[in-house]
Structure formats: structure tokens, C-alpha cells
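S.K.: Before I ask anything, let me first share the structure, which is written out below as C-alpha cells.
The values are calculated or read from the model by the stated rules, or taken from the named source; none is laboratory data. Bear in mind that the values here come from a model prediction, so they are computed numbers and not experimental data. All Cβ positions, glycine included, derive from the backbone under ideal geometry; neighbour counts span all protein chains shown.
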Amino acid sequence: MFFIVYALLEKSKLLGADQKQINAFVSLVVSLIFVSVVFPVMVVNNLILFMTVGIVVIFVGFMIWGFISNGNITLSEGVLKGLGVLTFIVLIIAVLWATGSFPEFWSLLERLFNFAFRSNGSESFWTNFLIVVLVVAAVAAVLKAGKTVKGD
């Protein structure tokens, strides 16, 4: 926590430029207060778990996208705005989950997840569903590539 607060104070120059000692002292005080209370530590631990999974998912997505597009990853203005909105929504969900807000909602989601993925017959359903989605995606890719070749 010390490093995060110190980096934010240094970057924002909130307490003035070249105030390394004051920034370090304020960071130390904030981090000691933070460590002495259990709930904020639990929230940050939960947020770190959420962030770690998110970073891995984004990294794998960019790796696959990079392989498909030969390393040329470009996004249009609309896609960037959409990703910004999606990031904001995910951040709100992460904070609500990490703080333990709305326990009935999370319990409902857990029951729905268990019904969808852990009930009898769900394994074969999701396997077949995934195969159908992959076949449809492959056919769509072939048809799109065929139209591109005919258009040239």
C-alpha cells in the first residue's frame, strides 16, 4: 500500500513538486492506518484476485488476437469507447464483489452457476454447445474470407 500511495502522490504532485520526504511520510502514515484495519485489507486482497484474473484473460486475448492479425492490433474509436464502458462496469462489479455488498445477489449468481455447470447433464450440453459455436464461427470465417476474395 505504501508504494501505491507514494507513486500516486509523486505522479500527481498533490503535495507539491519535489516533495519526496513529505510524500514518503504521508504514504507511510496512510499505509500504517490501512494495515491496522482488517476490512480494507480484505477488500484490497479480493480486488487483487479479481485484477489478476482479468489481466490473464486480457493477456491471452491479446496473444490470440496478435497471432491472428500478425501482430497488428488496431481498434476503432467506437471499440475503444465500448471497452472503456465495459472496463468501468467491470470495475464497479469488482468493487461491489470485493466489499461484500449485495450478498443475496452473489448467492443467486452462485446458484445459477451451479445449476448451469454442475447439474446432471450440463457437461454434455456445454460440450455440444461449444462445438456448435466453433462450427458456426468457422463457417462464418470461411464465408467472410470467400466474399473478400471474390470482391478483389
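S.K.: Would you mention how many residues in the stretch 102-152 are surrounded by fewer than 10 Cβ atoms within 10 Å (Cβ to Cβ), at pLDDT below 85 and closer than 30 Å to Ile92 by Cβ?
M.R.: 1
S.K.: Take Thr87 and tell me if it is surrounded by 10 or more Cβ atoms within 10 Å (Cβ to Cβ), hydroxyl-bearing (Ser, Thr, Tyr) and either out of contact with any strand residue (DSSP E or B) (no Cβ under 7 Å at 6 or more places or on another chain) or in the same structural domain as Ile48 (by TED's automatic domain parsing) (or both).
M.R.: In short, yes.
S.K.: Moving on to the next point. Out of the residues in the stretch 1-24 meeting the condition of being of a type in the set (A, V, I, L, M, F, W, C) and farther than 24 Å from Asn45 by Cα, tell me which one is surrounded by the fewest Cβ atoms within 10 Å (Cβ to Cβ).
M.R.: The extreme case among them is Ala17.
S.K.: So Gly82 passes all but one of these: (1) free of Cβ contacts under 8 Å to residues at least 24 places away in the same chain; (2) in contact with a Ser or Thr (Cβ under 9 Å, 6 or more places away or on another chain). Which condition number does it fail?
M.R.: Here Gly82 clears every test but (2).
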